[in-house]
Every structure is written in C-alpha cells, then in structure tokens.
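The values are calculated or read from the model by the stated rules, or taken from the named source; none is laboratory data. Quick caveat, the model's predicted, so the values are computed rather than measured. Here the Cβ is made from the backbone with ideal geometry for all residues, glycine too, and neighbour counts use every protein chain on show. Surface accessibility is based on the protein's heavy atoms, side chains included, excluding ligands, DNA and RNA. Shrake-Rupley method; radii C 1.70, N 1.55, O 1.52, S 1.80 Å.
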Amino acid sequence: MLNLARVDALVFDIDGTLADTDDHLVAQLAQALDRLPLVDGRRATSLARRIVMGAETPVNAAYGAIDRWGLDDELASLKRLLQRARDQRQRAERHPAEAADEVPHDMVPGVEQMLHDLAARFPMSAISTGSEPRIREFLDHHGVLRHFSAVAGAQTTPRMKPYPDPLLYAAEAMGVAPERCLVIGDTTVDMQTARAGGAQAVGVLCGFGTEDELVREGAAEILATTSDLLGLLAPAASGMTGSADPVAEPDEDAAAG
C-alpha cells in the first residue's frame, strides 16, 4: 500500500513510462506472432513487448519451434524485426549524440498534461538506462524539460539501474531523502531500483512489465497507465475518478433505465 505521506518528490523512468518507446515495432512483431499457433490477440502483443524488451536475449528455441511448425515466412519476418530492435538499441548505446538527433518518441497519452500539473506540487527527475542527451531531447521536444530537477542517463552515474545510483543522484538534486521519493516505472528493474534506494514505487502497465512481476518486485500501487498518477497524487486537480485508458461509452438506454 502506497504511503502518500512519504511522497515528497517524483522520479520517472522514461521508456515505457513517459515515452511510447518501441510501440510501432511491438505492433509489427505482434502482427507476425498473431499468426502462430496458440498465440493471438493480447497474448501476441504481450509476447511482442517481451521480445522487444529483451532483444539482446537469444531466441534460438523460439526459432526452432517456428521452424518445426513450417512457418518459414513468419520466422523470416521475426528475424528482421528482432534485428531492427538490436540495431536501434546498439546505435543508441554506441552513438548517443546521433541517437539524440532522431525524432523523439511520442509521449504516453495524457502524460504531458499530467507532468505540467504535478510539477506545481512535486520536484521531479527522470532516470533511464538510455543516453542523457536522448532523454533531454525527448523531454524538451514535449515542452516539459523545465519541470525536471535532474536527468540521469546511462553515463550519468557510476552504475545504472537496478543499482540505486541514479535514484540517489536524483534525490540529491531535488534536495530530498531517497526514501521520500516515489519511483514510477514499467519494469521490474525500476521496482528494484526503488527498493535498493529505500524509495516507494508505482508500477504502470502501459510499458513492458506485467502486474504480477511488478507487484512481486515491490510496487506499492499498479496503474493502468502513467497519467493515472495524477488521480492518485492529486485527485482534485485531475478531475478523474478512473483510468485514463479509453473505455467504451456507457449505453444511454441502460443509463436511463
């Protein structure tokens, strides 16, 4: 259970939390996976996100299974998509300045306004395993960089997440104790970072993590999407009572009845 009395500052992950990272690639991969036996719909999307997130992990066993099923065309498509994911991540790691010049990702829906609203109530920082120039470019592109006291990327601190170094760096920049910070992220690594630094954490499901694994790693709350944080921390300002995720419009006849 989240202790709001302990929240004096906010520390955001970037990819999958503020940024719609790799969503286009995930959609392409999910479309290919959807054609596999026993994999369809939401399962295909979930599996696609996991593959993209772990694009550096060998998937030879999966390739072998696909080959046995005689799905050579799908296998070729998967290989091309995975190679693209590897190339993108390696380019960002080896040439951060070049990566920073790429068109920034879109923000998760509702996040830009949420950041403007929360900035009036909390100091905020961003921590990521991506390059600092890319993070700053992303935040600046969306007009929210001025709200962040600190930005910590892969080279900013001696060690990256899941070590607590980026969190400690951000806490010091904001002038608060690490345990008074709230980490918001979409992966188990974000939850582990918060725990290592003594902070609380909120997990969001708009990125790569699942509810079960985020809770297992210490998430005090789970939100459907990042913009729901405003309703959790400042409900009067949000004007929302539920998730920002799109929902079906209520049936007017049913409502009238």
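Pairs meeting the criteria (first residue in region 221-235 and touching a residue at least 60 places away in the same chain (Cβ under 8 Å), second residue assigned to a helix (DSSP H, G or I), beta carbons under 6 Å, at least 6 apart or on different chains) are THR226/VAL111; SER227/VAL111; SER227/MET114; LEU230/MET114; LEU230/ASP117; LEU230/SER238.
Taking every residue in region 3-15 that is surrounded by fewer than 16 Cβ atoms within 10 Å (Cβ to Cβ) and pairing it with any residue that is aromatic (Phe, Trp, Tyr) and at pLDDT 95 or above, at least 6 positions away or on another chain, yields no pair with a Cβ-Cβ distance below 8 Å. When region 113-135 is examined, which residues are found to be surrounded by fewer than 17 Cβ atoms within 10 Å (Cβ to Cβ) and either under 16 Å from the mean Cα position of the chain (by Cα) or of a type in the set (A, V, I, L, M, F, W, C) (or both)? Answer for region 113-135, where residues must be surrounded by fewer than 17 Cβ atoms within 10 Å (Cβ to Cβ) and either under 16 Å from the mean Cα position of the chain (by Cα) or of a type in the set (A, V, I, L, M, F, W, C) (or both): ALA119, ALA120. Of the residues in region 194-212, not one is closer than 29 Å to SER46 by Cα and in contact with a Phe, Trp or Tyr (Cβ under 6 Å, 6 or more places away or on another chain). The number of residues in region 173-212 being among the small types (Gly, Ala, Ser) and part of a helix (DSSP H, G or I) comes to 4.
If you go through region 156-173 and keep only what is hydrophobic (A, V, I, L, M, F, W, C), at pLDDT 95 or above and open to solvent by 40 Å² or more (accessible area, probe 1.4 Å), you end up with LEU168, ALA173. Within region 115-155, restricting attention to residues that are of a type in the set (A, V, I, L, M) and in a loop (DSSP other than H, G, I, E, B), the residue that is modelled with the highest pLDDT is VAL144.
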